[in-house]
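> Before I ask anything, let me first share the structure, which is written out below as structure tokens.
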Amino acid sequence: MEFIDSSPGPHFFLKPFVEYQGKIPFIVTLLVEHLDLLHSELHDGIFRLSGQKSSVDDICRILDKGYEPDWEKCTDVHEIAGALKRYFFGIVSLDPLIDHSMDEKLISILKKYADIEEMVPLIKEIISNMPQTRRATLGFLLGFLQKIAQNADKNLMTSSNLGVVFSPTLFFTREVVNGMHCPKIIEILINKFDQIFNHEWFDSSHFMTKAEIDRMCCPTLDLNDVLIESERRKIRIGSVIPFISDITAARMGLKRPLD
């Protein structure tokens with residue numbers, strides 16, 4: 001991801017989901033909340049039209065370091081939506097939200113059943129067994145996408161369109177044939193959202209607090225590493241040749257070697 005520089009930092013765009021310990025990544029909740037405030041569901045082509053790349057990069061760069069953008073300057077829904085897509089697109093090759101074991105199960109259901117109503121309880125069972133952070137994040141995101149799809153008469157983004165846009169950012173499947181099924185799975189998850197997801201799976205208790213964000217910004221210290229570094233410093237200090245000024249050397253009767 002070109003917007004991520006090489007400077008030290010938490011780099012939240014690269015953190016695996018397991019590090020969030022059951023919480024939804026703050027990047028997701030922040031961006032979705034502000035898209036909601038801007039009534040993005042009423043904007044034509046939301047998630048399809050691109051925002052200005054440099055502005056999207058700036059938003060991502062700030063979030064990547066664990067900070068919150070200046071929202072008074074971030075008022076373009078397409079730029080904020082672009083940052084949200086960028087987050088999932090960046091993480092998908094490292095730690096996809098819908099991992100390989102899960103996408104195989106979902107795709108097998110889609111291949112086996114023709115009736116969507118038969119699929120729903122089976123899909124719900126798979127979702128219910130997801131690790132908490134993945135389930136909460138997926139539920140929170142899809143709940144928002146459901147709202148977008150419900151306003152397709154205004155924004156022209158149907159659940160089918162959203163499936164096409166988001167499947168490459170949520171799945172990481174190398175099989176071209178399986179990849180063709182992924183948009184349909186997202187479409188079903190959006191259309192049958194209320195039947196598949198329990199709202200307590202992704203309620204506000206799963207949002208990160210500032211203290212949790214700050215904790216993830218700080219590297220974890222290993223006590224053994226601290227002790228080893230302490231011993232190294234003692235050795236380095238003991239090996240330093242002390243500096244003696246000319247005045248002190250003269251008083252001590254010492255002579256410096258000639259050049």
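A short reminder: the numbers here are calculations on the coordinates, not readings from a lab. What you see is a predicted model, and the numbers here were worked out from it, not measured in a lab. We place every Cβ from the backbone using ideal geometry, glycine too, and count neighbours over all the protein chains shown.
> First measure r as the distance between the Cβ atoms of L156 and V18, then evaluate 1/(1 + (r/R0)^6) with R0 = 25 Å and state the FRET efficiency to the nearest 0.05.
The value I calculate is 0.10.
> Suppose every K and R has +1 on its Cβ and every D and E has -1 on its Cβ; what is the size of the dipole of the stretch 130-210 about the Cα centre, in Debye to the nearest 20?
Dipole size: approximately 180 debye.
> Quickly work out the I228-to-H39 label distance, labels modelled 7 Å from Cα along the C-beta direction, and quote it in nm with one decimal.
Here the modelled spin labels are 5.9 nm apart.
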